[in-house]
Amino acid sequence: MTKWCKAACFLVMSVFISASFAAQEGGASGKVLINNVNIFDGKSEKLIPDMSVLIEGYKIARIASSIPVPNNVTVIDGGGRTLTPGFIDAHVHLQWNVGPYEFFDSPPDYHAALALVEARNTLMRGFTSVRDTGGAVFGVKKAIDQGFHPGPRIYASGAAIGMTSGHGDYRSLNELPRQLGGPTETPVERLGMSVFADGVPEVLTASRDQMRRGAHFLKMFVGGAVSGLRDPLDIVEYSFDEVKVAADEAKRWNTYLAVHAYTDRSIRQALEAGAMSIEHANLLTEETMKLAVKKGAFMSAQTGFFLAPAPDSFSPAQKERQQLAADGLDNMMKLAKKHKVKLLFGTDFVGSMETKKLQLDEFTNRTRWFSPAEVLMQATSVNAEVLSLSGPRNPYPGKLGVIEEGAYADILLINGNPLEDISILTEPEENLALIMKDGKIYKNAVE
Ligand SMILES: [Zn+2]
């Protein structure tokens, strides 16, 4: 690089970067005082009435019944609205927004572009943090964190680790595994959705490779799936030793292993091997729920997919498996409540941005088993607990999911009281009056 180029390139880059930052939504991260609100703090069953919240930079600086107006502050009259922590979705796939054929037949930048759009949609539904449990989103996360595009905080596992004929195996039957002369890389791996690993050494390499790429936790498919092509629902995927080596590797990185598992056998094996977050979990028994509680593991449930009719694109076998999992959901939720397991709030919608609009229905779906306050706690402080389990790998190491002094200023203002009528959350265009993430305002319809 010549001297001239060095200077010019730097100048061009600086202009580009500052222009991009200027284009971001939200505005300056100064002081904001929100008066006259009733607070749902993420942890208590009741609202704290008539409060004021002062935000300085990206944190909540003060919460009191009355706060003197400081200099250079933007004052917002909350008008008696409910102020809550930003919502957290513990199970999303931001990268997966189209059907399977289009997914594998589109270039990675198309998926990245759609993921950014979906990231904005997610934020505008009030989700200020998500846990992405499989997919290529590290670049999307980086662009959002740099302020180039609106979106939630992203905790990501990177590619999910899967075995031959496991949940991640979408290969044609005419394709051989790499070890038996097949291609060294398949489309699902090229797109970063999942990675094949068979046997302890390969699982170890795949685990380390995700950490190398910046994963905040690991994700592994350890049991049959509803939507899988080659894996019947009843099977246990991976041996105990293979799951344990991933869980141990995660622990060495001071983070944790999350696993996809529906059946009791696969969940039990994963818990005994050290997995800390069980994704789906529909078919577990009471004994295994007790084991999860004893181990301090999280149950990461989703309802929307099971309470809706099976998609037309499903084969009869997939439809049957969906019914089985749907039948188990009610029992699992009742066990979760009875044994007070740490129950996460997640949605797991894939394959269509239209379907992802149903994300907020998870709030109303859960009132079959839980009070609105309990559901709101799951979507805020309980989910925040699993995010913090990433330890030193946590990309946002402050407090999330609560309204407390010193916590990140991820804040929503809601028209009405969701503890009385949680269905108001399903209409964010009308009822979500303010969305703040990291102290920046992304929507302000308070008037
Ligand atoms: Zn998933």
*Top mean-square fluctuation among Glu354, Glu385, Glu272, Gaussian network model of the chain, C-alpha springs under 10 Å?*
Glu354
*Pull out a ≥ b ≥ c, the square roots of the eigenvalues of the alpha-carbon gyration tensor of the stretch 166-233, then state rounded if a/c is under 1.5, prolate if not and a/b is larger than b/c, and oblate in the remaining case.*
oblate
*Work through the residues other than Gly139 whose Cβ is under 13 Å from its Cβ and net out their charges, Lys, Arg +1 and Asp, Glu -1.*
0
_Rounded if a/c under 1.5, otherwise prolate or oblate - the chain, Cα gyration tensor axes_ = oblate
*Would you pull out the residues with amide H under 5 Å of Leu434's amide H, same chain only if 5 or more places away, H placed 1.01 Å from N?*
Leu413, Ala445
*Taking amide hydrogens as modeled 1.01 Å from N in the peptide plane, which residues meet the under 5 Å criterion relative to Arg62, leaving out close sequence neighbours?*
Leu54
*Can you give the net charge of the other residues whose Cβ lies under 12 Å from the Cβ of Lys295, counting K and R as +1 and D and E as -1?*
+3
_At 0.36 nm per residue, and after removing the present C-alpha to C-alpha distance, how many nm does the segment from Glu320 to Arg208 gain when stretched out fully?_
36.7 nm
*asked:* Please give me, ordered by residue number, the trypsin sites (Lys or Arg not before Pro) of the stretch 340-447 that lie in loop per DSSP and have at most 13 other Cβ atoms within 10 Å.
replied: Lys340
*asked:* I need the calculated FRET efficiency for the pair Glu420 and Lys142, taking r as the beta carbon distance and R₀ as 41 Å, to the nearest 0.05.
replied: 0.55
*Ranked highest first by average number of other Cβ atoms within 10 Å, how do 229-236, 64-71 line up?*
229-236, 64-71
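If I take R0 = 45 Å and measure r between the Cβ atoms of Lys290 and Ser352 in this structure, what FRET efficiency does the formula 1/(1 + (r/R0)^6) give, to the nearest 0.05?
Here the calculated transfer efficiency is 0.75.
Readers should treat all values here as calculations from the given coordinates under stated rules, not as data from a laboratory. Bear in mind that the values here come from a model prediction, so they are computed numbers and not experimental data. So basically every Cβ, Gly included, is an ideal-geometry build from the backbone, and we count neighbours across all protein chains shown.
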